[in-house]
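The values are calculated or read from the model by the stated rules, or taken from the named source; none is laboratory data. Because the structure is a prediction, the values reported are computed rather than measured. Positions of Cβ are backbone-derived with ideal geometry, glycine not excepted, and every protein chain shown enters the neighbour counts.
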Amino acid sequence: MIQVENLVKHFGVLHAVRDISFQVGEGELFGFLGPNGAGKTTTINMLCTLLTPTSGRALVAGHDVVQHPTEVRRSIGIIFQDPSLDERLTALENLKFHAMLYHLPKKKTEERREMLLEMVGLSDRRGDLVKTFSGGMKRRLEIVRGLLHSPKVLFLDEPTLGLDPQTRNHIWSYVKELRSKEGLTLFLTTHYMEEAEQCDRIAIIDEGKIVALDTPTALKQRLGSDTLDDVFVKLIGREIREENASQKDQLRDLHKKWIGRMR
Amino acid sequence: MEFQSLYTVWLRDLVRFRRDRTQILGGFSRPMLWLLFLGVGMGPVFHSGAGVPYMHFIFPGVIAMNLIFASFLSAISIIWDREFGFLKEILVAPISRSAIAFGKAASGSTIAVLQGLVVVAFAPLVHVPLTFEKILLLIPSMFLIAFTCTSMGIVLASRMTSFEGFGTIANFVIMPMFFLSGGLFPLDGIPIWLKVLTHLNPLTYGVDQLRWILSGAHRFPIAFDLLFNLLFSALMLSLAVALFKRSPA
C-alpha cells in the first residue's frame, strides 16, 4: 500500500530524511518511531504530497506522490500532529466542507458521517463551533473528518499526544474497529511505547535514517530487551535531542496571548 | 469538478465572514470616519478644478478604501489558515492549486464588494446623487478592483509566515496605494516622481472607474482603466498560483 524507495529530503543544509526505504502492506498497522526531529513528520509530509522529495520515490495506494498527487490525496486521510480544523466553523460545517472538497456524494456521505460521529460520541455536539471543543473532542472530530472520504491509508502523526488516557484508549478502539471493518492501512507516528507495541511492524528512525524495522516482538528478541522502551534506548541512546521551538509555536503563543487579552 | 472546489473555498470564507462582527463593524466605521470627518472637515478649504464639493470628490476614494482594506484582510486570512493548520486540510485535498487561489480571490472580492456597498449606502446621507443604473455598474467595477487587490494580497500572504507582517503591509502597501490613487486629492500638478507612482498604482484606475460611474468625470479612457486592472489581476493571480504550488504547509 505504501512503497518508499531511497527517499531523501534536504532543507538547505539540513538533511531531514537521508535515503530511507520501506514498504507497508495492505491492512497493516505500521508504526514510525523516533526522537523529536528524527524526520518522522517530514516523511509523512512527503507521503501525503505536502512536501516534494529531494530525491527517491514514494508510491501511496499505487500512485506516485510527485507525479500523481491528486490521486494520492484522494486515497489518503491524515490526522496531523497539530490541529487543522476551522475553529470558527461548527463541527458539522467542517465535515460538510471536507465532503465538498473531496466531491463526495451527498446521501452516502451523510450516512457515513452520522455513523462516524456516533462512533466518536460527538453526535450531539455537531452544531457547536469547534473553538468550544476540548483538545480530545477536536482530535475525535479530526478522526471523523480524516475517515469521511473512506481513505485506503490513514496517516496519524502523533494522534494521541497531549490527550488523557481515557481519550487515548477511545481513539485506539475506534482505530482498531475501523481497521477490522474496512481493512484500512494505518501509518502511525508515536512517542508512546504501549502504542508502538500494538503495531504489526515498527520502523525506528534516527537522524533521518531507519535504524531498525521489524515486528515489536522480533525487535525485543534481537536486542535482548523486555520492553520496547529498552529497545529504543539501546538503538538511539539516552541523550535528549534538541529541537528549537519553531516559528509556528511562537505564533501560537502570541495568538493565545492576544485572544486572552481581547476576552 | 474544479468549479465545486473553488465554490467550497469561497463558501467557507463567506460563512466565516458572516460570523465576524468586528470585520462588519469595521466596514461601517471606516467610511464613516473618512466621509464625516475628512469629507466635512476638508470641504471648506478644497477647490477642485471640476468644481465639485469635496464630499463628492472623495466618495469614490472612500469606496476604493473599503475595497482595498477588505480585500487585503481576506487575503491575509491565508496566514491564519497556515498557522492554525487549516491550510493543510485544503492542501491535502484532491483539488488543484489554482482552484484554491481562485476561490480565495473570489471570496475576498465578494466580501470586499459587500463592504463597498456599505459605502454606497452612505451616498444619500452625504448628498451624492445615485441612480439604480449607477449601482448596477458599480458592482462589477468594485468586483474588478477588489479582485485586483485580493490577488495582490494572496501573493503577499503566500510569502508571509507571521501575522505581524500585516501591519507592515498596511503601512507600506495599503496606505500608499490609497493615498496615491487620486481618491483623496486630484492628481493634477503633482511632482513627476509622484505622478509615476500613481500611474503604476492599480487603484488609481479603480478610483477613476468609480468616479466615472458616479459623476462622469475621469482622467483615463475607461477601457484603459478596465484593461489595466484585468491585466494586473491576471498577472498577480498566476503568480499566486505558482507560489501556492511551492508553498510549504
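Only one of A:Gly224, A:Gly162, A:Gly237 is modelled with pLDDT of 80 or more and on the phi > 0 side of the Ramachandran plot; which?
Of A:Gly224, A:Gly162, A:Gly237, the one residue that is modelled with pLDDT of 80 or more and on the phi > 0 side of the Ramachandran plot is A:Gly224.
Within region B:189-200, track down each residue that is closer than 16 Å to B:Phe57 by Cβ, surrounded by 14 or more Cβ atoms within 10 Å (Cβ to Cβ) and not polar (S, T, N, Q).
If we filter region B:189-200 for residues that are closer than 16 Å to B:Phe57 by Cβ, which is where we start, we get B:189-190, B:198.
Keeping just the survivors that are surrounded by 14 or more Cβ atoms within 10 Å (Cβ to Cβ) gives B:190, B:198.
Residue satisfying the conditions is B:Ile190 alone.
Could you tell me whether region B:182-197 includes any residue that is among the small types (Gly, Ala, Ser), farther than 30 Å from B:Ile90 by Cβ and under 19 Å from the mean Cα position of the chain (by Cα)?
yes
Among the residues of region A:58-111, what is the count of those that are closer than 25 Å to A:Leu163 by Cβ and hydroxyl-bearing (Ser, Thr, Tyr)?
2
To keep it simple, each residue is scored yes or no on (1) surrounded by 19 or more Cβ atoms within 10 Å (Cβ to Cβ); (2) within 20 Å of the chain's Cα centre (by Cα).
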position: B:Phe179; (1), (2): no, yes
position: B:Pro202; (1), (2): yes, yes
position: B:Asp208; (1), (2): yes, yes
position: B:His218; (1), (2): no, yes
position: B:Pro221; (1), (2): no, no
position: B:Leu239; (1), (2): no, yes
position: B:Leu243; (1), (2): no, no
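Anything in region B:63-91 that is free of Cβ contacts under 8 Å to residues at least 24 places away in the same chain and in contact with a Phe, Trp or Tyr (Cβ under 9 Å, 6 or more places away or on another chain)? List them, or say none.
Residues satisfying the conditions are B:Gly85, B:Phe86, B:Glu89.
Restrict the check to region B:96-105 and report whether at least one residue is part of a helix (DSSP H, G or I), among the β-branched types (Val, Ile, Thr) and within 14 Å of chain A (Cβ to nearest Cβ).
At the first step, the residues of region B:96-105 found to be part of a helix (DSSP H, G or I) are B:97-105.
Add one more test, that the residue is among the β-branched types (Val, Ile, Thr), and what stays is B:100.
Within this subset, residues satisfying the condition of being within 14 Å of chain A (Cβ to nearest Cβ) are B:100.
Yes; the residues of region B:96-105 include at least one that is part of a helix (DSSP H, G or I), among the β-branched types (Val, Ile, Thr) and within 14 Å of chain A (Cβ to nearest Cβ).
Out of B:Arg18, B:Arg12, which single residue is of a type in the set (Lys, Arg), within 14 Å of chain A (Cβ to nearest Cβ), part of a helix (DSSP H, G or I) and free of Cβ contacts under 8 Å to residues at least 40 places away in the same chain?
One residue alone meets the criteria, B:Arg18.
Per-residue answers, yes or no, for (1) modelled with pLDDT under 90; (2) of a type outside the set (Ser, Thr, Tyr); (3) in a strand (DSSP E or B); (4) under 22 Å from A:Lys40 (Cβ atoms):
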residue	(1), (2), (3), (4)
A:Ile143	no, yes, no, yes
A:Thr167	yes, no, no, yes
A:His170	yes, yes, no, no
A:Ser173	yes, no, no, no
A:Leu186	no, yes, yes, yes
A:Glu194	yes, yes, no, yes
A:Ala212	yes, yes, yes, yes
A:Lys220	yes, yes, no, yes
A:Asp229	yes, yes, no, yes
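Looking only at region A:78-98, which residues are among the small types (Gly, Ala, Ser) and facing chain B (nearest Cβ under 9 Å)?
Keep residues of region A:78-98 that are among the small types (Gly, Ala, Ser), which gives A:84, A:91.
Across region A:78-98, the qualifying residue is only A:Ser84.
Evaluate region A:50-58: report whether one residue or more is small (Gly, Ala, Ser), modelled with pLDDT under 90 and touching a strand residue (DSSP E or B) at 6+ places or on another chain (Cβ under 6 Å).
Scanning region A:50-58, I find no residue that is small (Gly, Ala, Ser), modelled with pLDDT under 90 and touching a strand residue (DSSP E or B) at 6+ places or on another chain (Cβ under 6 Å), so the answer is no.
Among residues belonging to region A:1-53 that are hydroxyl-bearing (Ser, Thr, Tyr) and assigned to a loop (DSSP other than H, G, I, E, B), point out the one that is farthest from A:Phe187 (Cα to Cα). Full working, then the answer.
First pass over region A:1-53, keeping only residues hydroxyl-bearing (Ser, Thr, Tyr): A:21, A:41-43, A:49, A:52.
Checking which are assigned to a loop (DSSP other than H, G, I, E, B) leaves us with A:49, A:52.
Details: A:Thr49: 15, A:Thr52: 19 Å.
Only one residue fits best here, namely A:Thr52.
Is region A:79-96 home to any residue that is of a type in the set (Val, Ile, Thr), surrounded by 22 or more Cβ atoms within 10 Å (Cβ to Cβ) and in contact (Cβ under 8 Å) with a residue 24 or more places away in the chain? Give the steps one after another, and end with the answer.
Filtering region A:79-96 down to residues of a type in the set (Val, Ile, Thr) leaves A:79, A:90.
The next check asks that each one be surrounded by 22 or more Cβ atoms within 10 Å (Cβ to Cβ); those that pass are A:79.
Retained after the next criterion (residues that are in contact (Cβ under 8 Å) with a residue 24 or more places away in the chain): A:79.
Among the residues of region A:79-96, at least one is of a type in the set (Val, Ile, Thr), surrounded by 22 or more Cβ atoms within 10 Å (Cβ to Cβ) and in contact (Cβ under 8 Å) with a residue 24 or more places away in the chain, which makes the answer yes.
How about region B:164-188: which of its residues are part of a loop (DSSP other than H, G, I, E, B) and within 15 Å of B:Phe57 (Cβ to Cβ)?
Within region B:164-188, B:Ser181, B:Gly182, B:Gly183, B:Leu184, B:Phe185, B:Pro186, B:Leu187, B:Asp188 qualify.
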